[in-house]
1. Of all the strands (runs of 3 or more DSSP E) wholly in the range 57-162, which have at least 1 residues that are crowded, with 19+ Cβ neighbours inside 10 Å and among the polar types (S, T, N, Q)?
2. Residue by residue through the range 169-200, note down the ones that are in a loop (DSSP other than H, G, I, E, B) and either of a type in the set (Ser, Thr, Tyr) or over 17 Å from the mean Cα position of the chain (by Cα) (or both).
3. Has the range 145-158 got any residue that is farther than 29 Å from Asp202 by Cβ and among the small types (Gly, Ala, Ser)?
4. Would you tally the residues in the range 83-133 being away from the ligand (no atom under 16 Å from the Cβ) and hydroxyl-bearing (Ser, Thr, Tyr)?
5. Among the residues of the range 163-182, count how many are within 12 Å of the ligand (Cβ to nearest atom) and surrounded by fewer than 21 Cβ atoms within 10 Å (Cβ to Cβ).
6. Could you list, in sequence order, the residues of the range 150-175 that are without any contact (Cβ under 8 Å) to a residue 24 or more places away in the chain and of a type in the set (Asp, Glu)?
7. Filter the range 259-304 down to the residues that are more than 20 Å from the chain's Cα centre (by Cα), over 27 Å from Ser32 (Cα atoms) and not acidic (Asp, Glu), then identify the one that is surrounded by the fewest Cβ atoms within 10 Å (Cβ to Cβ).
Amino acid sequence: MAKPEFWKNNKRYYDLKSYWRNLFGCNVHKLSIDAGFTCPNRDGHVAAGGCIYCDGRGSKLRQMGTLPSVTTQIQNGKKYYAGHADKFIAYFQTFTNTYAPCDHLKQLYEEALSKPDVIGLSIGTRPDCLAPETVSLLKQYAENYHVWVELGLQSVHDKTLQFINRGHNFQQFLDAVNVLAGCKLNICVHIIIGLPGESDADVLKTAKTLAALPINGIKVHSLLALDGTIMGDMYKNGSIPMISKEKYVALTSDVLEVLPPGLVIQRLTADGYRDIFLAPAWAGNKLDVLNSINRELERRESYQGIYYK
Ligand code: SF4
């Protein structure tokens with residue numbers, strides 16, 4: 001099987017930029033928005049303390065003081081990308097962006113959608129935080145806009161989800177996919193490679209399981225140890241090893257090989273705040289990680305989807 005022609009890129013996987021160029025014929029960028037949400041896994045509604053790798057500080061904007069309005073954040077984002085993007089997706093990114101009454105969500109989402117050149121939404125959330133009225137609202141938007149729901153999952157293995165204190169299990173994720181699928185909404189799933197206690201086979205099982213589901217995109221992150229988190233403490237006291245760059249590159253390549261060729265790869269690296277970043281050091285050079293993954297696929301004469309069944 002040859003590399004799919006519809007990718008129209010020089011990569012060995014179907015990246016988000018190429019997907020949007022195919023779909024809209026222009027450059028599209030996400031504009032990150034912190035709309036002031038918290039998370040039910042932090043405030044005691046589902047659990048307290050959050051996922052063990054979550055730093056709990058929200059966005060840099062939130063740390064700087066009063067949060068600017070959605071409108072201001074969009075205006076600032078558009079200025080930042082001026083000359084590099086023609087259209088924009090409003091990315092409600094910080095914490096759990098469906099964790100509020102539907103009326104409040106509607107007001108925020110529509111403030112974003114009313115702005116010129118904003119052609120859609122990307123809503124970051126958890127599988128257990130999708131009220132029926134919120135799902136209906138998002139489905140309505142998807143009729144006229146380009147809408148993604150980004151579901152944090154990290155692993156299909158319940159033992160891992162328990163260990164990292166996700167506050168939901170794999171079945172709840174499957175229920176969320178069932179509720180969101182079958183309409184014009186796009187589903188993107190987040191996974192983490194390098195989670196404590198996971199074998200290579202566990203990671204591959206996560207990828208193969210997702211490959212069989214009606215999802216449209218994936219974000220792959222490396223596990224980061226951040227200061228002030230439980231994971232950071234575990235790293236500092238030597239109770240968990242961090243994945244090496246070589247291992248991460250090899251495993252990410254394995255994952256890409258079993259995913260469908262049409263699944264959009266939204267991300268292959270992780271971000272963490274510089275001031276609290278502990279490890280692994282190699283994760284700080286995102287470009288090097290991306291180039292290394294592409295080179296590894298070249299070395300294997302392989303690409304995304306080569307082993308997809
Ligand atoms: S679900 Fe997201 S925001 Fe909530 S605790 Fe976990 S990582 Fe943090």
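The values are calculated or read from the model by the stated rules, or taken from the named source; none is laboratory data. Fair warning: this is a prediction, and the values are worked out from it, not measured in the lab. Note: ideal-geometry Cβ built from the backbone for every residue, glycine included; neighbour counts use all protein chains shown.
1. 118-125, 146-154
2. Result: Asn169, Ala181, Gly182, Cys183, Lys184, Pro196, Gly197, Glu198, Ser199.
3. Scanning the range 145-158 turns up no residue that is farther than 29 Å from Asp202 by Cβ and among the small types (Gly, Ala, Ser).
4. Counting residues in the range 83-133 that are away from the ligand (no atom under 16 Å from the Cβ) and hydroxyl-bearing (Ser, Thr, Tyr) gives 2.
5. 1
6. Asp158
7. Step by step, filter the range 259-304, then rank; the result is Arg299.
Okay, residues lined up against (1) modelled with pLDDT under 95; (2) closer than 24 Å to Val156 by Cα; (3) in a strand (DSSP E or B):
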position: Thr252; (1), (2), (3): no, yes, no
position: Leu256; (1), (2), (3): no, yes, no
position: Gln266; (1), (2), (3): no, yes, yes
position: Ala270; (1), (2), (3): yes, yes, no
position: Asp288; (1), (2), (3): no, no, no
position: Ser292; (1), (2), (3): no, no, no
position: Glu298; (1), (2), (3): no, no, no
position: Gln304; (1), (2), (3): no, yes, no
position: Tyr307; (1), (2), (3): no, yes, no
